[in-house]
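For reference, the structure I am asking about is given below.
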Amino acid sequence: MKLYNLNLSNFATKCRIVVFEKGANIELADIPGGNPKSPEYRKINPLGKIPALQTDADFVIAESEIINEYLEEKFPSPPLLPKSPEDRAKVRFLTRFNDLYLDPPFRALFPQLNPKTRDNAIVSAKLAELQEHLDLFEKILPAQGFAAGHDFTLADCAIAPTMFFLTNLMPAFGAKPPTESRPKLAAWWTHVQTRPSVGKAIGEMGVALKAMMGGK
């Protein structure tokens, strides 16, 4: 089994966290052709997106959340989804909240990293959107523990890599860190990084981000 991966990708990282948690024997593979849009990789994953999980020669799973749900079923121990349908729904809501509400506005900021070519109107709009969604996340989070409650779940796997980006990139646009004035978010972020799987994956993201920024 092979996970096509880029360490800087938050979507690939949430899958790596699950792989690390499960202790699954899955190869972390580079992207053929060095680019998700390369012809070599398109033959594997026609979407040209990262990650993709190749389970055998003929079966490839795209989309990170589907990959993680598959890994949960394939490697059920330790469990990353709760037992009750209600609690499972809560975890899935949080993973979708990450994918649909936290990720898109910060992703729109990536092309604005260079101050010389920055569109301040786009930056202001996307930062305002992020602040609104982070305020909502603060309300949703429990007072202690992990994102969906006492247990570490797929919700934490999904949100932790996005929080890494928000923590590192929002100040670059003159915005306050996402944890400032959000005590529950700050407590969760500190707590989730103590999880060995998260610490390892976030560390890999940090090395990759430093390389992307020219080692600065």
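Every read-out reported here was derived from the displayed coordinates using simple, explicitly stated rules and does not represent laboratory data. Being a predicted model, the structure only gives us computed values, none of them experimental. Positions of Cβ are backbone-derived with ideal geometry, glycine not excepted, and every protein chain shown enters the neighbour counts.
I'd like to check something: does the stretch 153-174 contain any residue that is farther than 22 Å from SER124 by Cβ and assigned to a loop (DSSP other than H, G, I, E, B)?
yes
Of ASP30, ASP87, which residue is farther than 29 Å from PRO178 by Cβ, out of contact with any helix residue (DSSP H, G or I) (no Cβ under 9 Å at 6 or more places or on another chain), touching a residue at least 12 places away in the same chain (Cβ under 8 Å) and not aromatic (Phe, Trp, Tyr)?
ASP30
I'd like to verify a number: residues in the stretch 9-27 that are of a type outside the set (Ser, Thr, Tyr), crowded, with 20+ Cβ neighbours inside 10 Å and part of a loop (DSSP other than H, G, I, E, B), how many?
Number of matching residues: 1.
I've got another one for you. Determine whether PHE20 is of a type in the set (Phe, Trp, Tyr), in contact (Cβ under 8 Å) with a residue 24 or more places away in the chain and touching a Pro at 6+ places or on another chain (Cβ under 8 Å).
Yes.
Per-residue answers, yes or no, for (1) loosely packed, with under 14 Cβ neighbours inside 10 Å; (2) closer than 21 Å to ALA208 by Cβ; (3) in contact (Cβ under 8 Å) with a residue 60 or more places away in the chain:
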{"residue": "ASN5", "(1), (2), (3)": "no, yes, no"}
{"residue": "LYS37", "(1), (2), (3)": "yes, yes, no"}
{"residue": "ARG42", "(1), (2), (3)": "no, no, no"}
{"residue": "ASN45", "(1), (2), (3)": "no, yes, no"}
{"residue": "GLY48", "(1), (2), (3)": "no, yes, no"}
{"residue": "ALA57", "(1), (2), (3)": "yes, no, no"}
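Could I ask something else about it? Condition first: surrounded by fewer than 13 Cβ atoms within 10 Å (Cβ to Cβ) and in a loop (DSSP other than H, G, I, E, B). Now tell me which residues in the stretch 182-216 satisfy that.
THR194, MET213, GLY214, GLY215, LYS216
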